[in-house]
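What follows draws every value from the coordinates through simple rules; no lab data is involved. Just so it is clear, the model here is predicted, and its values are computed rather than measured. All Cβ positions, even for glycine, are placed from backbone atoms using ideal geometry, and neighbour counts span all protein chains on display.
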Amino acid sequence: MADLTIHRGTHQIGGGCTEISAGGHRILIDFGANLPGTDGDAQTKDREMVQKVFGSRQDGAVLFTHYHGDHYGLFKKVPPGVPMYIGPLAKNILRILVPYIDRDAPEKGSAIVEQMRTYEPGKWMTPVPGIRVLPLYVDHSALDAYMFCIQAAGKTILFTGDFRNHGIAGQVERMERMVQKYVPKPVDLLVTEGTMLSRTGEVGDTLVRSEEDLGQRAEMLFQTHKYNFVLVSSTNLDSIMEFYHNTPKGMHFVCDLYQARILLTAMRDMQEERGFKEYRASKTHPTIRVLGKGDSRWAELREIRESMKYPVYCKAITKEELERDGFVVLARKNTHPDTYVSPFDKLREEFLDKDGQGQIIYSMWKGYLEEEHADKDLLRFIGGHPYETLHTSGHAYVETIANLIKTVDPKWILPMHTERADEFASILAFTLWKDRVKVLHDGQALDLDEL
Ligand SMILES: [Zn+2]
């Protein structure tokens, strides 16, 4: 007996977990938390998910597609004894990200991250007997994200995870070539994400088309103001590299120590391991300027720098330099405004309204500023100021999914990580394959033997 069960994620974005079992063994793909602020109203709360997946059995192996919280967020709840796997560069990012997120958490995740095993792109592995998995490195707004090709009970499944093809790793049709080269045919089932199916209106409206377009637009925006505050996720590294490379000459590119550690790790790994030239240091900005003079965490940054084949210089910045030359700063919201004044709050205070020369550039999903998902800390940082929106999606456009279906030519298609699973077959771009679409509900087992 072999089946596939999406425990959560057939009709929602984020918080997913998919089980594939064969011959009494199972793998779990992702074990994500509900998107921030949504757990209270969720159909299945995180607490219930842990119970569903590990309540009656504590076996199997967990494979994370990438480091976004809605895909790995429940990792602390995986029973000891159940191995967890993630991409090698993603693990390096988690080593910095998790202690940062856990600052005030009673339960720390660092030691668990250290125990995570890593898989290798393009190499088959057998995490549990009878189930083989091939991790395929794909473009996404998280670095080092993977699709999985899975073989179990004589069937081949391609599980996309979150993906796109308009970022740095998606250039020159890398995904299509990779799928053609590595995925054995025929593919019995394609499990695809469909985040953008409910966000098509954002394309061309609040979203720019690609990371490259984002860079070009950023350059123009930075030239209009001297003091630029960019609100961007600290791990959305393709966009960050675009902001970095497009910072005008003579102006400083600035971040804090935490962000600098993430950034240098990404520059090291993406350049040295994956050969992406976009992750090299900029010739006009060979030195990244860092907020936090005298902070003890400089030693940790130095350590990363010393591990680089092509070290990037980092140097503390003074208020005089900031004021004199102008800057592009990667800013973050303050989640503890009552007890803590962040360096970004201080800069904001000082420069945002100075001589009409300050501006905020908002480079995150627009939903965080709208009622349903409103993020009060982000809204506080913006403080009613006008802001420029400059963001590209982390997810595949409808035509990108159609292109993947065409390349893979699967027998069956199963949408997940979407709010529009039931409409999938009626979307114009998918007409050709409408009879191959299967829609499940959370917890419903799909018998692989019957595919
Ligand atoms: Zn993601």
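Pop out the Kirkwood hydrodynamic radius of the stretch 326-390 from its pairwise C-alpha distances, inverse of mean 1/r, in Å to one decimal.
12.6 Å
Kindly give the semi-axes, whole Å and largest first, of the ellipsoid equivalent to the stretch 1-140, taking each as the square root of 5 times a Cα gyration tensor eigenvalue.
22, 19, 14
Just rank Leu428, Leu231, Leu369, Leu143, fewest to most, by other beta-carbon atoms within 10 angstrom.
Leu428, Leu369, Leu231, Leu143
Quick one: which of Lys181/Lys277; Lys366/Lys411; Lys226/Lys277; Lys76/Lys185; Lys293/Lys376; Lys45/Lys155 span more than 26 angstrom between C-alpha atoms?
Pairs exceeding the cut-off: Lys366/Lys411; Lys226/Lys277; Lys76/Lys185; Lys293/Lys376; Lys45/Lys155.
How long are the three semi-axes of the equivalent ellipsoid of the chain, in whole Å, if each is the root of 5 times an eigenvalue of the C-alpha gyration tensor, listed from largest down?
After scaling each eigenvalue by five and taking roots: 38, 23, 21 Å.
For the chain, give me the percentage of DSSP beta bridges that are antiparallel, rounded to the nearest 5 percent.
Close to 40 percent.
What distance in nm lies between label points placed 7 Å from Cα along the C-beta direction at Glu306 and Glu423?
It is 5.6 nm.
Taking just the C-alpha trace of the stretch 155-309, give me its Rg and Dmax in Å.
My reading of the Cα-based Rg and Dmax gives 18.6, 59 Å.
If contacts are Cα pairs under 8 angstrom and at least 6 residues apart, what is the relative contact order of the chain in percent?
Taking the mean separation of contacting Cα pairs over the length of the chain, I get 20 percent.
Please sort 324-331, 98-105 by packing, taking for each peptide the average over its residues of neighbouring beta carbons within 10 angstrom, highest first.
In decreasing order of mean packing, 324-331, 98-105 become 324-331, 98-105.
By its C-alpha gyration tensor, with a ≥ b ≥ c as the square roots of the eigenvalues, how is the stretch 198-254 shaped: rounded for a/c under 1.5, else prolate for a/b larger than b/c, else oblate?
Prolate shape, in that a/c is at least 1.5 and a/b is the bigger ratio.
Report Rg (one decimal) and Dmax (nearest whole number) for the stretch 204-389, counting Cα atoms only, units Å.
Answer for the stretch 204-389, Rg first and Dmax second: 16.0, 46 Å.
Which whole-number percent is the relative contact order of the stretch 204-389 (Cα, under 8 Å, 6+ apart)?
Result for the stretch 204-389 is 29 percent.
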